[in-house]
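J.: Have a look at this one before I ask anything.
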Amino acid sequence: MKAAIVAQAGQNAPVLGDFEAPVAGADEAIVQVDAAAISPLVRARAAGTHYSSRGQFPFVAGVDGVGRLDDGRRVAFALPRAPYGSMAERVPVPLAHIVPLPDGLDAVAAAALINPGMSSWAALTERARLARGETVLINGATGAAGSLAVQVARHLGAARVIATGRNQAALAALGADATILLDGDGDALETQFKAEFARGIDVVIDYLWGPSAERLLIAGAKAGPDAVPIRFVQVGSVGGGEINLPGAVLRSSAIELMGSGIGSIPLARLVASIGGVLGAAASDGFTLPARAMPLAEVAKAWALERERVVLTL
């Protein structure tokens, strides 16, 4: 069968080639793939830089997608059995990693939503345990996952959503209750953060880490009410892989620092998050801009790093 194959570490992009067709194992199903998105997770796994990378070659790129079972049912899926990935004609997937695709939801639109939607839904429901009426700050809200997190937070009942990002126009388009531009002035940024924490923030969903996360944590410790928990959920590290965190930040506050991703949430519940966000997308009209390209153009699609590309089969 045709597939996007990663043959060795350091390969610039997967190469279209022939890969052995899968046979379903126990508690698995074969999914005939219709669409699979190139997400940052897919890129990092292919490059071998993601913490969940296996380092075994060759393998098929892709971690999630949309397709059909042999009986014709439309489904979404995640984390196929290695070395198979979603960027192939057929893929073996554990039954526990498959959810029904809501009626009326387009395959390309759904594939674009799966990874960022799973990320935001799981962070807000499984880790933050967001309650209706709470206030959420999304740090890094102008990326795909962050912008979707704004919509998901609203859907889940957040009373107030604050968004941060580096693009003023993109921030303004989010429809958040308040926005903070990450313009590089650390002291001024911390002052803005403190004003919002003084008003009340229950949950922070952080897609950036790095300097902005440092300032958020320090501001929360300084300005948040004493003994009132602030659930800080770390999801991505676009802004940097490390921070300098004074111990006093944790001693002097009720900040609850946690991560959300593969390994922090049982896989069954992580996959259930896909069903949650796709159901919400069908009812509320969640969407992300995406460009559809055929699997045969995987090398060309891989080079479009500034676009969300969905490969179709």
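J.: Based on Cβ point charges of +1 for Lys and Arg and -1 for Asp and Glu, what charge dipole magnitude is obtained for the stretch 102-195 about its Cα centre, in debye rounded to the nearest 20?
T.: The calculated dipole for the stretch 102-195 is roughly 240 debye.
J.: Which translational diffusion coefficient, to the nearest whole µm²/s, is obtained for the chain from the Stokes-Einstein equation, given a Kirkwood hydrodynamic radius over C-alpha pairs, 37 °C and 0.692 mPa s?
T.: 164
J.: Express in whole angstrom the spacing between the alpha-carbon centres of the stretch 19-34 and the stretch 167-236.
T.: The stretch 19-34 and the stretch 167-236 have Cα centres spaced 44 Å from each other.
J.: If I take R0 = 35 Å and measure r between the Cβ atoms of Met258 and Ser283 in this structure, what FRET efficiency does the formula 1/(1 + (r/R0)^6) give, to the nearest 0.05?
T.: 0.75
J.: Now a separate question. Based on DSSP H runs of at least 4 residues, each adding -39500 (n - 2.57), what is the mean residue ellipticity at 222 nm of the chain after dividing by all its residues, to the nearest 500 deg cm²/dmol?
T.: Here the helix-only value at 222 nm equals -9500 deg cm²/dmol.
J.: Moving to a separate point now. So, R0 is 51 Å and r is the distance between the beta-carbons of Gln32 and Thr191; what FRET efficiency does that work out to, to 0.05?
T.: Given R0 = 51 Å and the Cβ-Cβ separation, E is 0.40.
J.: Ok, one more. Keeping all protein chains in the complex and leaving out DNA, RNA and ligands, what accessible area do you get for Thr125 with a 1.4 Å probe, in Å² to the nearest 10?
T.: For Thr125, the solvent-accessible surface is approximately 40 Å².
J.: I've got another one for you. Assuming R0 = 35 Å, can you tell me the calculated FRET efficiency for the pair Asp103 and Ala21, based on Cβ-Cβ distance, to the nearest 0.05?
T.: 0.75
J.: Suppose the chain between Arg43 and Ala159 were pulled fully straight at 0.36 nm per residue; how much longer would it get relative to their current alpha carbon spacing?
T.: Length gained, Arg43 through Ala159: 38.3 nm.
J.: Name the trypsin sites (Lys or Arg not before Pro) in the stretch 131-213 that are in a loop by DSSP and that have at most 12 other C-beta atoms within 10 Å, would you?
T.: Arg132
J.: Expressed in nm to one decimal, what extension gain is obtained for the pair Ala9 and Glu89 from 0.36 nm per residue of sequence separation less their Cα-Cα distance?
T.: Once the chain is fully extended between Ala9 and Glu89, it gains 26.5 nm.
J.: Averaged per residue, what accessible area in Å² does the chain show with a 1.4 Å probe, protein chains only?
T.: Dividing the accessible area of the chain by its residue count gives 43 Å².
J.: Quick check: residue separation of Arg129 and Asp226 times 0.36 nm, minus the Cα distance between them. What number comes out in nm?
T.: 32.9 nm
J.: So what's the net charge close to Asp177: Lys and Arg +1, Asp and Glu -1, counting the other residues with Cβ under 11 Å from its Cβ?
T.: +2
J.: What number does the stretch 30-152 give for Rg over Rh if you use C-alpha atoms and the Kirkwood radius?
T.: Dividing the radius of gyration by the Kirkwood radius yields 1.00.
J.: Let me ask you something else. Quickly work out the Leu245-to-Leu267 label distance, labels modelled 7 Å from Cα along the C-beta direction, and quote it in nm with one decimal.
T.: Calculated label separation equals 2.8 nm.
J.: A further question follows. Where both partners of a DSSP beta bridge lie in the chain, what percent of those bridges are antiparallel, to the nearest 5?
T.: In the chain, DSSP labels about 50 percent of beta bridges as antiparallel.
J.: Let me ask something additional. Quick one: if you stick a label point 7 Å off each Cα along the C-beta vector at Ala198 and Phe57, how many nm between them?
T.: 5.5
J.: First compute the accessible area of the chain with a 1.4 Å probe, then give the percent of it belonging to carbon and sulfur atoms.
T.: About 51 percent, which is the carbon plus sulfur part of the accessible surface.
J.: What translational diffusion coefficient, in µm²/s and rounded to a whole number, does the Stokes-Einstein relation yield for the stretch 151-192 at 4 °C and a viscosity of 1.567 mPa s, taking the hydrodynamic radius as the Kirkwood radius over Cα pairs?
T.: 116
The values are calculated or read from the model by the stated rules, or taken from the named source; none is laboratory data. Not measured: the values here are computed from a predicted model. Methodologically, a virtual Cβ is constructed for each residue, glycine included, from the backbone with ideal geometry; neighbour enumeration extends over all protein chains shown. Please note that ligands, DNA and RNA were not included when accessible areas were found on the heavy atoms of the full protein model with its side chains. Shrake-Rupley method; radii C 1.70, N 1.55, O 1.52, S 1.80 Å.
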